[in-house]
Amino acid sequence: MKSTKEESPAVLCSDSPVPLKSILCTEEMNQRPARPPDYETENRALSVLVQSLADSPGTILQKLADTILEVFQSHSAGLSLVTKDEKNFYWPAIAGAWKQHVGGGTPRDFGPCGDVLDCNTPLLFRHFERRYPYLLEATPVAKEALLIPFYVQGKAVGTIWAMAHDDCRKFDAEDLRQLESLGRFASAAYQAVEVEEVQNSRSAALNLMEDAVHARQTAEKLNEDLRQSEETLRRLNEDLKHFAYAASHDLQEPLRMVISYTQLLARQFKGKLDGQADQFITCTIEGAQRMETLLKGMRDYWLVNERTGEQSVRVDCNRVFEAACGNLDLQIQESGAIVTHDPLPTVTAEEMPLELLFQNLIGNAVKYRRQSEPPRIHVSAQKSDHAWKFSVTDKGIGIEAEHLKTVFAPFKRLHGAEYPGTGIGLAICQKIVEGNEGRIWVESTYGQGSVFHFTIPDKDGDI
Ligand code: ADP
């Protein structure tokens, strides 16, 4: 194959090759709806091929590729031969969209033909570029490729193949039967090809193989660069975490001193200085207390960040709901809130963060209530394809449409002191949900209420 030396983004992203099994769909092919054998087409093809045996060796092989393309109505077709030392493959004949790659080749351990010979059986590949990323450069990309080994005196000497470049052409058992029939012709044709001819194609192939190896080395280097960038990012992230830890923990101590001494000041000098001084002292204490609350919020956020990745266990969400409401007992009693729930499922998650998630959402639903009536809050759960979707519904003050996305950002608040808070609760909820590979979002009608939804993947067929 001709390497373009341009780095394809997909090569850039490729990790180590995926296992062969993951790109095979041979079994699926055998289960596709059966077609009656089409002997007529097969015989016609074979008779054309037999006539071509009088031609030059190169022409015979190209005729074979052209015939496979025609019989199969595939998008590309061809023949690959293994070199005498069995270390490389070269491609003496290709027809269709991949014709431009004729004369190319790959090392044996570096492509689908080698895998077919190793398995010694026909294989149907789907997206084989996932295992052999350099094949992304061989455009158009193959959607399905059917390859069979062919033999000379019992020894596998190459493969013949047909390829589909769109999702409409799917190979079936009848295709395989016909390819095997043409494989028998390939065995005969191979023996008719002169050694000299083979040698010529081989030297051209070797040049192209060097290109392919170069492409692989480039991909490996890019992978290394990617690994280094990931490492740098990981370290930056660590630094940031340390910074957040230092900010939230180490600042607390001096701040407490500021609060204590200002309170002392207030106690000793209240009424002894002028009225403005008293007011300044009160504002200082309030400001410092607010800062303390914010630092606590930061620390809670940091702690949740640290906790994600802990052992997930089976958690009964009915129990989690009860625990969260227990923690909110005072607010629920004071507001006269009615908090109800549907039967909730058991999920696989980390228990404490899940409780905090319920507590923050129910707590907000109590807090952001309408003054005209006691809050009514309902928690429900619905099973979708691969996840449980939980919904916490309230009939509170609601959120304006323009804020629906931003409310999850750390320290984002839509209200002032009339509703106390730090703006960290929903950011923590988002961290917890994402730590469980779920998603969180809110729907709301301003003035009428909100529904906070979040999903938890159904990891073990949760009940
Ligand atoms: P906090 O409640 O401490 O301000 P949150 O992160 O929990 O912080 O919420 C962020 C903002 O989102 C709140 O300040 C509030 O304006 C809005 N909000 C959260 N929950 C609700 C709700 N159930 N109804 C209306 N607004 C809400």
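Is region 225-379 rounded, prolate or oblate when judged by the Cα gyration tensor, a ≥ b ≥ c being the square roots of its eigenvalues, rounded requiring a/c under 1.5 and prolate requiring a/b larger than b/c? If you can, show how the numbers build up before the last one.
Values: a/c = 3.16, a/b = 1.22, b/c = 2.60.
It comes out oblate by the Cα gyration axes.
Specify whether the C-alpha gyration tensor of region 317-359 places it in the rounded, prolate or oblate class, a ≥ b ≥ c being the square roots of the eigenvalues: rounded for a/c under 1.5, otherwise prolate if a/b is larger than b/c and oblate if not. Walk me through the numbers before you get to the answer.
Numbers: a/c = 3.53, a/b = 1.70, b/c = 2.07.
Since a/c reaches 1.5 but b/c is at least a/b, the shape of region 317-359 is classed as oblate.
If you take the beta carbon distance between Glu180 and Phe243 as r and set R0 to 56 Å, what does 1/(1 + (r/R0)^6) give as a FRET efficiency, to the nearest 0.05? Before the final figure, lay out the partial values.
Working: r = 65 Å, r/R0 = 1.17.
Result of the calculation: an efficiency of 0.30.
Determine the gain in length on full extension of the stretch Gln289-Asp250; use 0.36 nm per residue of separation and subtract their C-alpha separation, reporting nm with one decimal.
On the way: separation 39, 0.36 × 39 = 14.04 nm, distance 1.57 nm.
Between Gln289 and Asp250, full extension yields an extra 12.5 nm.
When the C-alpha atoms of region 273-339 are aligned to their principal axes, what extent does each axis show, in angstrom, from largest down?
Projected onto its principal axes, the Cα set of region 273-339 covers 62, 35, 11 Å.
Where the convex hull is taken over the Cα atoms of region 340-463, what is its projected area averaged over directions, in nm²?
Working: hull surface 30.0 nm².
Mean shadow area of the hull around the Cα atoms is 7.5 nm².
In terms of the Cα gyration tensor, with a ≥ b ≥ c the square roots of its eigenvalues, is region 9-119 rounded because a/c is under 1.5, prolate because a/b exceeds b/c, or oblate?
Numbers: a/c = 2.06, a/b = 1.29, b/c = 1.60.
Oblate shape, in that a/c is at least 1.5 and b/c is the bigger or equal ratio.
Leaving out ligands and nucleic acids, note down the accessible area per residue over region 35-115 with a 1.4 angstrom probe, in whole Å². All intermediate terms of the calculation are to be shown ahead of the outcome.
Values: 3570 Å² over 81 residues.
I get 44 Å² per residue for this part.
Using Cα pairs closer than 8 Å and at least 6 residues apart in sequence, work out the relative contact order for region 27-139, in percent. Present the calculation step by step, with values, prior to reporting the outcome.
Values: 126 pairs, mean separation 18.0, N = 113.
Reported as a whole number, the value is 16 percent.
Over region 234-279, with the other protein chains present, what is the accessible area per residue in square angstrom, probe 1.4 angstrom?
Details: 3640 Å² over 46 residues.
Dividing the accessible area of region 234-279 by its residue count gives 79 Å².
For the chain, with only Lys/Arg (+1) and Asp/Glu (-1) charged at the beta-carbon, what is the dipole magnitude about the Cα centre, in debye rounded to 20? Don't jump to the answer; show the numbers that get you there.
Details: 50 positive and 66 negative charges, 182 e Å.
Charge dipole of the chain: 880 debye, to the nearest 20.
Indicate, rounded to the nearest 5 percent, the antiparallel portion of the DSSP beta bridges found entirely in the chain.
On the way: 54 of 58 bridges.
Looking only at bridges with both residues in the chain, the antiparallel portion is about 95 percent.
By how many nm would the segment from Thr406 to Gln333 lengthen if fully extended, with 0.36 nm per residue of separation less the alpha-carbon distance? Numbers along the way, then the final one.
Numbers: separation 73, 0.36 × 73 = 26.28 nm, distance 3.03 nm.
Extra length available between Thr406 and Gln333 comes to 23.2 nm.
Using just the C-alpha positions of the chain as equal point scatterers, what log10 of I(q)/I(0) does the Debye formula give at each q in 0.07, 0.10 1/Å?
-0.62, -0.85
With a 1.4 Å probe and every protein chain kept in, tell me what percent of the accessible surface of the chain is carbon plus sulfur. Write down the numbers at each step before the final one.
On the way: 13090 of 24530 Å².
Roughly 53 percent of what the probe reaches on the chain is carbon or sulfur.
Just by accessible area at a 1.4 angstrom probe, what is the order of Thr232, Thr83, Thr218 from largest to smallest? Working shown, then result.
Details: Thr232 65, Thr83 5, Thr218 35 Å².
Most to least solvent-accessible, the answer reads Thr232, Thr218, Thr83.
Taking a 1.4 Å probe, which of Ile160, Ile332 shows the most accessible area, and what order do the others take after it? Walk me through the numbers on the way to the answer.
Values: Ile160 0, Ile332 25 Å².
The ordering from most to least exposed comes out as Ile332, Ile160.
Note down the accessible area of Asp316, probe 1.4 Å, to the nearest 10 Å².
Roughly 50 Å² of Asp316 is accessible to a 1.4 Å probe.
Quick one: which residues, 5+ away or cross-chain, put their amide H under 5 Å from the amide H of Arg370? H built at 1.01 Å from N.
HN-HN under 5 Å from Arg370: Ile397.
Could you give the length gained on full extension between Tyr151 and Thr346, defined as 0.36 nm per residue of separation minus the Cα-Cα distance, in nm?
64.5 nm
Take the Cα coordinates of region 377-441, assign each an equal point scatterer, and use the Debye formula without solvent to give log10 I(q)/I(0) at q = 0.14, 0.15, 0.17, 0.28 Å⁻¹.
-0.51, -0.58, -0.74, -1.34
What does the accessible area per residue of region 377-463 come to in Å², with a 1.4 Å probe and no ligands, DNA or RNA counted? Write out the running numbers ahead of the final one.
Values: 4300 Å² over 87 residues.
Accessible area per residue, region 377-463: 49 Å².
Would you kindly find the accessible area of His75, with a 1.4 Å probe and non-protein molecules such as ligands, DNA and RNA excluded, rounding to the nearest 10 Å²?
60 Å²
What fraction of the DSSP beta bridges in region 282-439 is antiparallel, stated in percent and rounded to the nearest 5? Write down the numbers at each step before the final one.
Numbers: 11 of 15 bridges.
Given both bridge residues lie in region 282-439, the antiparallel proportion sits at roughly 75 percent.
Between Phe280 and Leu236, what is the label-point separation in nm under the 7 Å Cα-to-beta-carbon projection?
Between Leu236 and Phe280, the label points sit 4.4 nm apart.
The values are calculated or read from the model by the stated rules, or taken from the named source; none is laboratory data. Worth saying up front: this structure is predicted, and the values here are computed from it rather than measured. Ideal geometry is used to build each Cβ from the backbone, glycine not excepted, and the neighbour counts take in all protein chains shown. Heads up: the accessible areas ignore ligands, DNA and RNA and are worked out on the full protein's heavy atoms, side chains in. Shrake-Rupley method; radii C 1.70, N 1.55, O 1.52, S 1.80 Å.
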